[in-house]
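The values are calculated or read from the model by the stated rules, or taken from the named source; none is laboratory data. Fair warning: this is a prediction, and the values are worked out from it, not measured in the lab. FYI the Cβ positions are ideal-geometry reconstructions off the backbone, even for glycines, and counts take in every protein chain you see. Protein only, heavy atoms only, side chains kept; ligands, DNA and RNA dropped before computing areas. Shrake-Rupley method; radii C 1.70, N 1.55, O 1.52, S 1.80 Å.
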Amino acid sequence: MTVLPKRNILKVTAIAGAALASGLIVPSAFAAKPGKKEKKEPEKEAEVTPPEDLMRKHGVLDRLLLVYEAGLRKFAANEDFDPAIIANAAEIVRDFIENYHEKSEEEAVFPRFRNAGKMLPLVDTLLAQHQAGRRVTQAILQAAPGSRKDGDDRKRLVATIQSFIVMYRPHAAREDTDLFPLLKGLVSAHEYDAMAEDFEKKEHQLFGGDGFEMMAKRVAGLDQRIGIDELAQFTPR
């Protein structure tokens, strides 16, 4: 490294100062063109965590239970309505909840608790209830078409809907409060992120897009058809 004599350093400094004053050398802070804004990188959309993904689907399930309950009230009051509403609700339960959501739990969530030796009695009960729920949904689909008139089909439909609601309210609540919050502690950060990606990928494969949004819209349509779309009607007066 060459060291300049002191007088040369002073000479270079003086030249640089003069050049700066005359505009030959422009600091980078002043070099940007006026009015030109720096480009900001687009913000990444917040990723949905596995428990949040599973709980959102429970939200769809709960909306479907409200449709079922509205149907039971109409049956009790002997009000006429199209039983296809009940059948459509059961189809969403079958396709979105049982064949997708519950399968995801059975393939990605329950095994991790089994491998860790955690919550085993709860996991066994939840799995048994999944299997029972599928049988009940099939019974709902079979009885719904003939339920418009009072008779055996309506009686069977009312009984199966009631059993479904009675089981799934505590079922979903236990998963949301006891099971899902512990999931993150059982897997690595990489595995946790990969699980969320797998859920999304499977959803797109099965439904051709965001299955949650698609099903939420379908349920909103059922709400309207059965007369429970106005939330204010449930406010105590």
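For Lys149 and Glu69, what is the calculated FRET efficiency with R₀ set at 30 Å and r taken between the beta-carbons, to the nearest 0.05?
With R0 = 30 Å, the Cβ-Cβ based efficiency is 0.90.
For the range 68-128, what is the per residue volume of the convex hull drawn over the alpha-carbon atoms, in cubic angstrom?
Expressed per residue, the convex hull around the Cα atoms of the range 68-128 is 86 Å³.
Remind me, relative contact order of the range 142-211 in percent, using alpha carbon pairs under 8 angstrom and six or more residues apart?
13 percent
What is the range 121-209 by shape, rounded, prolate or oblate, if you read a ≥ b ≥ c off the alpha carbon gyration tensor as root eigenvalues and call it rounded for a/c under 1.5, prolate for a/b larger than b/c, and oblate otherwise?
oblate
Using a ≥ b ≥ c from the Cα gyration tensor of the range 173-237 (square roots of the eigenvalues), is it rounded, prolate or oblate, where a/c under 1.5 gives rounded and otherwise the larger of a/b and b/c decides, a/b for prolate?
Oblate.
Could you sort His204, His190 by their accessible area in this structure, using a 1.4 Å probe and putting the largest first?
Heavy-atom accessible area, descending, gives His190, His204.
Kindly list the residues of the range 195-227 that lie in the label zone of Ala84, defined by a backbone N under 18 Å from the point 7 Å along the Cα-to-C-beta vector.
Only 218-227 pass the distance filter.
Averaging sequence separations of C-alpha pairs under 8 Å and six or more residues apart, then dividing by the length of the range 88-229, give the relative contact order as a whole percent.
Answer for the range 88-229 is 26 percent.
Take the Cα pairs of the range 88-164, get the Kirkwood Rh, then feed it into Stokes-Einstein at 4 °C and 1.567 mPa s and tell me D in µm²/s.
Translational D for this selection: 94 µm²/s.
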